[in-house]
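Following: one structure in structure tokens, then a few remarks.
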Amino acid sequence: MPDYDLTVIGSGPGGYVAAIHGARLGARVAILEQKDTEWGGTCLNWGCIPTKALIHGAEVFQTVRRAAEFGVRVPEPEIDWTAMQARKDGVVEAMRKGVQGLLKANGVEMITAHGRLAAGTRVSADGRELSSGSVLLAPGSVVTLPPVPGVELGLTSDTILGLDHVPESLVVIGGGVVGMEFASVFSLLGTRVTVIEMLDQLLAPLDPDVAGRFQQLMARRGIVFHLGTRLEEVVQADGRVRVRFGGSELQPEQALVATGRRPNTADLGLDQAGVATNGSAIAVDQQLRTNVDGVYAIGDATGVSMLAHTASYQGEIAVTNALGERRVSADYTAIPACIYTDPEIAYVGLSEAQARANGEDVRVGQFPFSALGRAMILGETSGLVKVVADRDGYLLGVTIMGPRATDLIAEAALALNFGITAAELSHVVHAHPTLPEAIAEAALDVDGRAVHVAPRNRPQQATTPTG
Ligand code: FAD
């Protein structure tokens, strides 16, 4: 009998969630994490949790600054960066302990060691050999830097979290999700922010219309953008960094290089075990199987979608397949993507542009937060909900920019997951006054029936609400 039914390499939201699912199915599970301080993975220690803790601090600062608008008089607030950092670290620490506690409570054996695949489903844990019925690879991803001279002088998403003060100026290289979240939070905290992005659009593959409106809002707040611009060089200069790009240069206090991450497959024994890769990612099928019998892979290392909840979703599927419960395949149609900027952005399914590029005959409904009671009450009226449906009204995707977009997207994900029409979605009774009413109104607008905006001058044929 092997030492374990399942051995998981990596304790991020892919690995630890998979290990718990395995234990709940009655399996003997071991999980390996190479660094004792990194239980919970990138998400908990360097990604989702610490960044959102800082972002929330900046939101509180903004709310207090705007207090007079709501009839509350307070003295001018100040940022206590040390306390903000301490709170972030406290949240991370508590959650790291929580993950370890959950693994323990489920009887999962936690091993702090670097894992490598040996032959078949044997794993070497810092040299100690473990035999296992199945192996699940969940090693995550690491920061990758572009091949530009001096780029290592910039901060990364890891090192920026340790800054000991809020920089007076920051150049963000990369207008993707990580870059824009840091650009947004530091601009809220008072830093002068400039963003350099190689593409002509921020936050690709976000709906270009929404990306354009977002850029306008950020520019109004003072962020300067250089799109379609390549970074040329970074050099050290007088205790600052000099950033050269598109024939210009800036000398900010700090530069953040946020140009992406790559699967963390170094020293994992893939070659030795004969595990096939797809570029730098571990190649998997819809059931999360690699080409080697009994070896599965999930999360960022598969390069499917570098999101924590995708990793957890894949983890549950891989474990169900590995432990022979039943055969299940992953379906990525309704995976929401959230961007924690101010305002927030979230989307699920296809954007209008993607649906049209797929040859779909699309119908689009929109509703602005400026027309929504709850958004007016909150004083957060920027943004909109955009619902994309096919010619028969079936939902293809939803994009939201505005207050609590990252929470609101759950309803759209549910609707898309169950393959309903925009009419069916609008027919669900939405409480008043709430932010989700904007989703119902945008869904109604697919048929030109939104109530709280003036009728469109290009009417579409209405369909009968069902359900
Ligand atoms: P990881 O979380 O990377 O975990 C892998 C773990 O495996 C690590 O702890 C590593 O030490 C360990 N490991 C690696 N190799 C070995 C080995 N050989 N032996 C033993 N242990 C090993 N996603 C979201 O969904 N929402 C967000 O808001 C969000 N914000 C982010 C913000 C930032 C700044 C960053 C960088 C990422 C963010 N992400 C976010 C992405 C998210 O963090 C990842 O998608 C997620 O962590 C991937 O989970 P994973 O389980 O695949 O790997």
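Go through region 155-255 and tell me which strands (runs of 3 or more DSSP E), entirely inside it, have 2 or more residues that are basic (Lys, Arg) and modelled with pLDDT of 95 or more.
On the way: elements: 169-173, 192-196, 224-226, 231-237, 240-245, 248-250.
Filter on region 155-255 gives 240-245.
Which one of these is closer than 23 Å to Arg404 by Cα, outside the structural domain of Thr406 (by TED's automatic domain parsing), surrounded by fewer than 20 Cβ atoms within 10 Å (Cβ to Cβ) and among the charged types (D, E, K, R): Glu59, Glu38?
Among Glu59, Glu38, only Glu59 is closer than 23 Å to Arg404 by Cα, outside the structural domain of Thr406 (by TED's automatic domain parsing), surrounded by fewer than 20 Cβ atoms within 10 Å (Cβ to Cβ) and among the charged types (D, E, K, R).
Name the one entry in Val91, Val74 that is surrounded by fewer than 19 Cβ atoms within 10 Å (Cβ to Cβ), away from the ligand (no atom under 16 Å from the Cβ) and either modelled with pLDDT of 95 or more or assigned by TED's automatic domain parsing to the domain that holds Ala125 (or both).
Only one candidate qualifies: Val74.
Looking at the structure I just gave you, is Glu253 in contact with a Lys or Arg (Cβ under 6 Å, 6 or more places away or on another chain) and farther than 30 Å from Gly120 by Cα?
Spelling it out, Glu253 is indeed in contact with a Lys or Arg (Cβ under 6 Å, 6 or more places away or on another chain) and farther than 30 Å from Gly120 by Cα.
Among the residues of region 109-138, which ones are in a strand (DSSP E or B) and crowded, with 22+ Cβ neighbours inside 10 Å?
Gly115, Leu117, Val123, Ser132, Ser134, Val135, Leu136, Leu137, listed by residue number.
If you scan region 144-156, which residues turn out to be aliphatic (A, V, I, L, M) and either more than 14 Å from the ligand (Cβ to nearest atom) or surrounded by fewer than 18 Cβ atoms within 10 Å (Cβ to Cβ) (or both)?
Across region 144-156, the qualifying residues are Leu145, Val148, Val151, Leu153.
The values are calculated or read from the model by the stated rules, or taken from the named source; none is laboratory data. Bear in mind the structure is a predicted one, so any value in this text is a computation, not a measurement. Positions of Cβ are generated from backbone atoms using ideal geometry, with glycine treated the same way; all protein chains shown enter the neighbour counts.
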